[in-house]
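Here's the structure, in structure tokens; my notes come after.
Read-outs throughout are calculated quantities, based only on the coordinates presented, and are distinct from any laboratory measurement. The structure displayed is predicted, hence computed values, not measured ones. Every residue, glycine as well, gets a Cβ built from its backbone with ideal geometry; the counts of neighbours run over all protein chains shown.
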Amino acid sequence: MGLFTRAKPVTSKVRALAGTQVAQRLAADPTAVRAPVEGAQFFYRPDFLDAGACDRLVQLIDANRRPSTLLSDNPDAGFRTSDSCDMDRWSPDVRPIDESIAALLGLDPAHGETMQGQRYAPGQQFRAHHDYFHESESYWPEVSKHGGQRTWTAMIYLNDVTEGGATWFPQAGLKVSPKRGLLLAWNNMNADGSPNELTLHEGMPVVAGVKYIVTKWFREGRWAQ
């Protein structure tokens, strides 16, 4: 036996149930399409937002953007180089979209984090990462007080990009190019409620144009106060 052993993944009935219920709901929705990926749950929802809604969110991002940050013990300045902004969930331009994402997934809106907008100029990227929280990191005791682990992620592309800027899941073999209005949702957990390493993903560098997206993360418990 080696000197080091890998920690046993933490399973959770609550997280597992969220995965099952959302997947069943999306599978029954004729407007949603499941991606052909083994070992993880990914769904597309084309034209989730119309052009007007996308444009309004782009304007909010441009007006409120700041350099993106990392929740990490050892942040690397070149790891995430985009701009971000936190959306006002009660704004008349945000609230209907925020709640429609929760309705699509069948999740309690109070479990959703504040929707975040992101802007990627040419050359900007977000290197490979997981959306779920790593419970071995020093931030876990604090984030666990506010809804616990992340379960589902919903990402909406707000514009077409001339070249580059795909969302790439290298271990799952999935690459999604930006298309205005497209919603991509995935379960960050395995069937047993443990973190799914296949959801490792990156925002690939934009080559030409500017990429705008919004991202909504859902927790296993109540996040909104």
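Key figures for this structure:
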read-out	value
Inter-site label distance for A110 and D47 at 7 Å from Cα along Cβ, in nm	3.6
Leading residue at positive end of dipole, the stretch 104-182 (Cβ point charges), from T162, Q149, H111	T162
Gain upon complete extension [D160, T69; 0.36 nm per residue less C-alpha separation]	30.3 nm
Charge dipole (debye, nearest 20) of the chain; +1 at Cβ of Lys and Arg, -1 at Cβ of Asp and Glu	240
Near-label residues of the stretch 153-180 by backbone N, under 16 Å of a point 7 Å along Cα→Cβ of L200	168-175
Spin-label model distance (nm) - Q59 vs S177, 7 Å beyond Cα toward Cβ	2.9
Unsatisfied cross-links (Cα-Cα over 29 Å) in the set K13/K211; K145/K211; K145/K175; K145/K179; K179/K216	K13/K211; K145/K211; K145/K175; K145/K179
Once the Cα gyration tensor of the stretch 13-219 is diagonalised, semi-axes √(5λ) in Å	23, 20, 18
Mean residue ellipticity (222 nm) of the chain, computed from DSSP H runs ≥ 4 via -39,500 (n - 2.57), nearest 500	-6000 deg cm²/dmol
Cβ crowding within 10 Å averaged over residues, with 195-201, 126-132 ranked highest first	195-201, 126-132
